[in-house]
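Before any comments, here is the structure.
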Amino acid sequence: CRNKTTVLFAALLGLVGGAWVVLTAQRNIARIEHSSFHFGIAERCAIVFCTIDIAMLLAKSADRWFATIGLVVIGCGLIAIGIIDAFTHRVPRYINGLAITLGVPLLVLDAIIHWDLGNILRAGVGAVALFAFFVGLKSIAQGSFGKGDVLLAPLVGFALAYNSWQALLGGVVGIFLIGGVVSAALLLTGRVSRKSRIAFGPYIVVGTLLALVI
């Protein structure tokens, strides 16, 4: 019964969060591209329904109120970032900061309430480790990673490691596996060339969310 209530509450959060994602993504894409960009009705509905579904899956995975709220907040921020990056090759820092400022304290509060202090330590180590890993990759693979991708690492590492070490490892593997497969498909179909810039943010978002809900 508690799980069902948490999932229903997460669905409501997802509805509100999905509407926020649509408005935020539209505003940022329009600002960055200097246009009057707007999603169509179908795209808006798809974004909202996907956000609701992800929120409900996160609730089932967490099964605790504050953890659910924190993960949904982080999830909404990541979805907005992924959409914006796909269109503009930019990761808005303030959205990343907002997800950290609002989502991370809720996860910390959840750990304190349930006396799972090991979760906080593991999440902190995960955030630092993934940030260092992405910094190293950026220095090695010049041009393949943007600064915005690197700045996403602490948030992603914290959320994944808060779940478990397995989630962190699965998330990292998923990010690069999805990125490699999709990039290869785009190259093979001629949608992009070897010199084209490919946004990596959407792969980070998809890999992270999959690892959190599976």
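Figures for the structure shown
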read-out: Sorted peptide list for 40-51, 61-72, 126-137, criterion being average Cβ within 10 angstrom, highest first; value: 61-72, 126-137, 40-51
read-out: All lysines inside 28 Å of K147 as judged from Cα atoms, apart from same-chain residues fewer than 8 positions distant; value: K138, K195
read-out: Cα convex hull of the stretch 46-119 - mean projected area over all directions, nm²; value: 5.2 nm²
read-out: Reach of K4 by Cα under 18 Å, taken over lysines that are not fewer than 8 positions away in the same chain; value: K60
read-out: Gap separating the Cα centres of the stretch 160-214 and the stretch 52-115, nearest whole Å; value: 18 Å
read-out: Tail weight of P(r) past 24 Å, computed on alpha-carbon pairs of the chain, percent; value: 41 percent
read-out: Estimated [θ] at 222 nm from DSSP helical runs (n ≥ 4, -39500 (n - 2.57)) normalised by residues in the chain, nearest 500; value: -29000 deg cm²/dmol
read-out: Three semi-axes of the equivalent ellipsoid, the stretch 126-214, Cα gyration tensor, whole Å, largest first; value: 23, 16, 9
read-out: Over the stretch 24-79, equivalent-ellipsoid semi-axes from the Cα gyration tensor in Å; value: 28, 13, 5
read-out: Formal net charge of residues neighbouring Y203 (Cβ-Cβ distance under 11 Å; K, R +1; D, E -1); value: -2
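Read-outs: derived from the displayed coordinates by stated rules, not from any lab. Please read these numbers as outputs of a predicted model, since none were measured by experiment. Backbone-built Cβ (ideal geometry, glycine too); neighbour counts: all protein chains shown.
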